[in-house]
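What follows is one structure encoded as structure tokens, with my remarks underneath.
Read-outs: derived from the displayed coordinates by stated rules, not from any lab. The model shown is predicted, which means the values in this text are computed figures rather than measured ones. No Cβ is skipped: glycine too gets one built from the backbone with ideal geometry, and neighbour counts run over all protein chains shown.
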Amino acid sequence: MSGFVEKPEPIQVPGLVHLHTGKVRELYRDEAGDLVMVASDRISAYDWVLPTEIPDKGRVLTQLSLWWFDKLRDLAPSHVISTELPKGAPADWAGRTLVCKSLDMVPVECVARGYLTGSGLAEYRESRTVCGLALPEGLVDGSELPGPIFTPATKAEVGEHDENVSYEEVARQVGAETAAQLRQLTLAVYGRARDIARERGIVLADTKFEFGFDGDTLVLADEVLTPDSSRFWPAETWEPGHAQPSYDKQFVRDWLTGPESGWDRESEQPPPALPEQVVEATRAKYIEAYERLTGTRWS
């Protein structure tokens, strides 16, 4: 069992139709037919959306995505139309709301990996492959790959796992031409972002993108290159051979699986609320990632 520990009631705003509650975002449609995405402070771990929020998390995700969209616009247009608050929206939506084009979304998570970790590491240990792509012997946890690889995944509902799929399966789903476009664009965007992050002392280990079509044009959608969609490691501590410290929800995962939480991940019981020190440490990591990448102080 998994999903929401406590599913939130979406805020109703005149002129907006609520469409969907995601792990982090609420999705609405406005009277012009555009989408309104509101990033909450919710956090998920082990396929559960937890009952405790991380203050400022939604704003960090939104502002960091906007910063990256600007850096990447010559490679791929974004779906963002405006950051202006819809009329009648709560003041708390400021800084966490995007008005976006409605796209024909591609039903694939476009994952780029430049380093071996996570589910890729588990597969490599078994077969010396990642998503069926052969890799050389001798790689360990945290190793840089010979070159970035495209490892797509299925899109999962809340409480479900994304599943890695082969490039051939993507081509069957969306057609060979679109699959080739997705791979080329994913690796180009990853390469640009990896270089920008490296200049700022951060290793971009892997990341996932979502794309949709605006007519015949592939457009970057959802969030990009945030601690929720990417693994960021401090470059100064990167050392292959063990798990790397990261700018994400590792504090949350460690506490939930540690003795203090009293939670059994294998049980069907939902996880407990997070203690204040875990909330504060996680908030600090998200803000540090924003500040190191953008070079601007969080406020």
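Which entries in K57/K249; K57/K101; K208/K249; K23/K249; K23/K87 show an alpha-carbon gap greater than 20 Å?
The pairs that break the limit, which is 20 Å between Cα atoms, are K57/K101; K23/K87.
Could you list H242, H79, H18 in order of exposure, starting from the residue whose Cβ has the fewest other Cβ atoms within 10 Å?
Ascending number of Cβ neighbours within 10 Å: H242, H18, H79.
Output the Kirkwood hydrodynamic radius of the range 1-74, Cα pairs only, in Å rounded to one decimal.
Mean inverse Cα-Cα distance, inverted, gives 13.8 Å.
Under the Karplus relation 6.51 cos²θ - 1.76 cosθ + 1.60, θ = phi - 60°, what is the ordered set of whole-Hz ³J(HN,Hα) values for the range 55-66, x standing for Gly and Pro?
Ordered by residue, 3J(HN,Hα) equals x, 6, 4, x, 5, 4, 4, 5, 5, 5, 4, 4 Hz.
Which of the listed residues, P107, S230, Q173, is farthest toward the dipole's positive end in the range 104-237, when Lys, Arg count +1 and Asp, Glu count -1 at the beta-carbon?
Ranked along the dipole, the leading option is S230.
Give me a comma-separated list of calculated 3J(HN,Hα) values for the range 232-242, in order, Karplus coefficients 6.51, -1.76, 1.60 applied at θ = phi - 60°, integers in Hz, x for any Gly or Pro.
Listing the rounded values in order: 10, 10, x, 5, 6, 10, 5, 8, x, x, 7 Hz.
Peptides 59-67, 29-37, 186-194: what's the order by average Cβ count within 10 Å, highest mean first?
59-67, 186-194, 29-37
5 Å is the cut-off here: which amide hydrogens, built 1.01 Å from N in the peptide plane, fall below it relative to I81, excluding neighbours closer than 5 in sequence?
For I81, the qualifying residues are V99, C100, K101.
Which value, in debye to the nearest 20, describes the size of the charge dipole of the chain about its Cα centre when Lys and Arg Cβ atoms bear +1, Asp and Glu Cβ atoms bear -1, and nothing else is charged?
640
Taking the chain as a Gaussian network, Cα atoms linked when under 10 Å apart, which of G241, G95, G22 shows the biggest mean-square fluctuation?
Of G241, G95, G22, the most mobile in the Gaussian network model is G241.
Any chance you could check the Cα centroid distance between the range 129-157 and the range 172-208 for me, in angstrom?
When both Cα centres are located, 13 Å separates them.
Expressed as a fraction of 2.2 N^0.38 Å, the rule-of-thumb size for a compact globular protein of N residues, what is the C-alpha radius of gyration of the range 104-237?
1.03
Give the separation of the Cα centroids, the range 263-299 to the range 91-128, in Å.
18
Calculate the dipole size of the range 104-237 relative to its Cα centre from +1 charges on Lys and Arg beta carbons and -1 charges on Asp and Glu beta carbons; express the result in debye to the nearest 20.
480
Do me a favour and compute the ellipsoid semi-axes for the chain from its Cα gyration tensor, root of five times each eigenvalue, largest one first, whole Å.
For the chain, the semi-axes come out at 28, 25, 20 Å.
Each residue of the range 281-290 in turn: what ³J(HN,Hα) in whole Hz from Karplus with 6.51, -1.76, 1.60 and θ = phi - 60°, glycine and Pro shown as x?
Going residue by residue, I get 5, 5, 4, 4, 5, 4, 5, 4, 4, 4 Hz, with x marking Gly and Pro.
Kirkwood hydrodynamic radius, the range 38-97, all distinct C-alpha pairs: what's the number in Å?
Computed over Cα pairs of the range 38-97, the Kirkwood hydrodynamic radius comes out at 13.1 Å.
Given H placed on each backbone N at 1.01 Å, which residues far from H20 in sequence or on other chains put an amide H within less than 5 Å of it?
L27
In cubic angstrom, how much convex hull volume per residue do the alpha carbon atoms of the range 40-188 span?
Dividing the Cα hull volume of the range 40-188 by its residues yields 154 Å³.
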